[in-house]
Amino acid sequence: MSMTLMAVIGILALFLLILLKMPISFAMFIVGFFGMLQMTSPMAAYNIISSGIWEQLSAYSLSVIPLFVFMGELLFRSGITEKIFASAYAWIGHRRGSMATTTILSSAGFAAVSGSNTATAATVGTIALPEMKKFGYQRALSAGSVATGGTLGVIIPPSSVLIVIALQAELAIRDLFIASIVPGLILVALFVMTIAWLCRKDPAMAPAGERATWAARVASLKGVLEIAALFVLVLGGLFAGWFTSTEAAAVGCVGALAIVALQGRLTLEVLQEALANALKSSAMILMLVAGAVIFGRFLTVTRLPFLVGEWAAALPLPAILIMACVLLIYVIGGALMDAMGFLIISIPIFFPVALALGYDPIWFGILVCIVTSMGAITPPVGVNAFIVKSLDPELGFGDIFRGVGYFMLPYLACILLLLAIPELILFVL
């Protein structure tokens, strides 16, 4: 049996196991192990797996994952979501669509400390959906703004998805974090402009609220400025070269502990909950990384990624058209699977294609992250749509996907802009 055929069978077996509801990390482990067992000797397969897992999981750079997750857990318990939402509404609540806009801005703020699209949608949606219902917002707009805002969780640093992409593609975490800031801000701006246009077209979609006094606006910044300062310190330190990514994560943890302590919320119970949740989330991510190591070694032995890259580079088609087809695969994958799981499976296959076509690896990493996050709101699955549905059972999937549809054009516009002008990602590096 040829190596290429073995790789294809392995990939099909992987997706079959995932369809059978097996955890992605276990599926990658099983396929990778038995694939190498078939192509090499048992001893060689054991050695490749044991050395690969040890090298990856014992890497100093991997400690960035539990540290950033712990930072996010601490800040979540400081009441950050409520504070960001209240502050944003105090400043723009008198405008039509202000609550939908506040939902987007709050999602961007929470994304900066959570790094998860589902956590962002669930946390912000818990506050935003009841408020928008109370003020008579159109159901589709309410649901769409929560689901779409949640996708910012994997784009805005410190995103755990960006960390995993960096580990998979052997890129600097710092570079991916810095490169993702401008695309994240572009998406936020496009979402806000879309809400403004919708409300101007149909004012009944989102009634205006009361104008807050300047005293109330300034008071609303308490508890938000500290978080913003921590975010600037962590990313600014990375950008300036003061910290490595792991050191920045450690600084973030210390800063988060200080903020929670100053707010009088640092109790033994809060600390135990934050540590327990950080441990669970980190273990899940590290299991995915371990499975990816085994599956990646299997693909490397088959040489499939290199063959696919050579084949794509030899096609008589423009490189941009081939890249568009690759991105379409990521949209479909993101719609059917968790973003992190699909990226872990696909990066070893498509990363060599991007390099063979002459594209910058940082640019490709950011672009696939954005495209996969778009998949999280794309029918027929769209994991964020199910999150919103669970928060408000009265919402129908028709309402949710109609609301999400409002934001598809801005998403496409951002992707096309980044395709046409790669410097929007790369100019900061």
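Values in this text are rule-based calculations from the coordinates and carry no lab data. Computed from a prediction, not measured in an experiment: that's the story for all the values here. Cβ placement follows ideal geometry from the backbone for every residue including glycine, while neighbour counts extend to all protein chains displayed.
Taking K and R as +1 and D and E as -1, what net charge do the other residues with C-beta under 11 Å from the C-beta of ILE425 add up to? Neighbour charge sum, excluding ILE425 itself: -3. As a calculated quantity, the FRET efficiency between ALA13 and THR213 at R0 = 51 Å, using C-beta atoms, amounts to about 0.20.
Normalised by the number of residues in the chain, what is the relative contact order in percent for Cα pairs under 8 Å and 6+ residues apart?
Details: 658 pairs, mean separation 112.3, N = 429.
Taking the mean separation of contacting Cα pairs over the length of the chain, I get 26 percent.
Pairs of Lys residues in the chain, spaced 8 or more positions apart or belonging to different chains, with C-alpha separations under 23 angstrom: 9 in total.
Between SER41 and LYS133, the FRET efficiency from the beta-carbon distance, with R0 = 56 Å, is close to 0.35.
The local environment of LEU391, defined by Cβ-Cβ distances under 14 Å, has a net charge of -1 under the rule Lys, Arg +1 and Asp, Glu -1. As a proxy for reagent exposure, LYS222, LYS83, LYS389 were ordered by neighbouring Cβ count within 10 angstrom, fewest first; the result is LYS222, LYS389, LYS83. Put a dot 7 Å past the Cα of ALA283, heading toward its Cβ, do the same for GLU310, and the two dots end up 4.4 nm apart. Extending 7 Å from the Cα toward the beta-carbon at both ALA324 and LYS222 defines two label points whose distance is 5.4 nm.
Per residue, the average separation of C-alpha pairs within less than 8 Å and at least 6 apart gives the range 167-294 a relative contact order of 24 percent. Karplus-derived 3J(HN,Hα) values for the range 247-259, using 6.51 cos²θ - 1.76 cosθ + 1.60 with θ = phi - 60°, are 5, 4, 5, 5, 4, x, 5, 5, x, 5, 4, 5, 5 Hz; glycine and proline are entered as x.
Between 0 and 90 degrees, the angle of helix 160-169 with respect to the longest Cα principal axis of the chain falls at about 20 degrees.
Shape verdict for the range 149-252, please, from the Cα gyration tensor: rounded (a/c under 1.5), prolate (a/b greater than b/c) or oblate. Oblate.
For a footprinting-style exposure proxy, rank THR267, THR244 by other Cβ within 10 Å, fewest first. If you can, show how the numbers build up before the last one.
Working: THR267 12, THR244 17.
Sorted ascending by nearby Cβ count, the order is THR267, THR244.
Fewest neighbouring Cβ atoms within 10 Å first, the residues MET193, MET408 line up as MET193, MET408.
Across the range 346-429, Cα pairs under 8 Å and at least six residues apart give a relative contact order of 26 percent. Here the range 5-29 and the range 157-196 have alpha carbon centers that stand 28 Å from each other.
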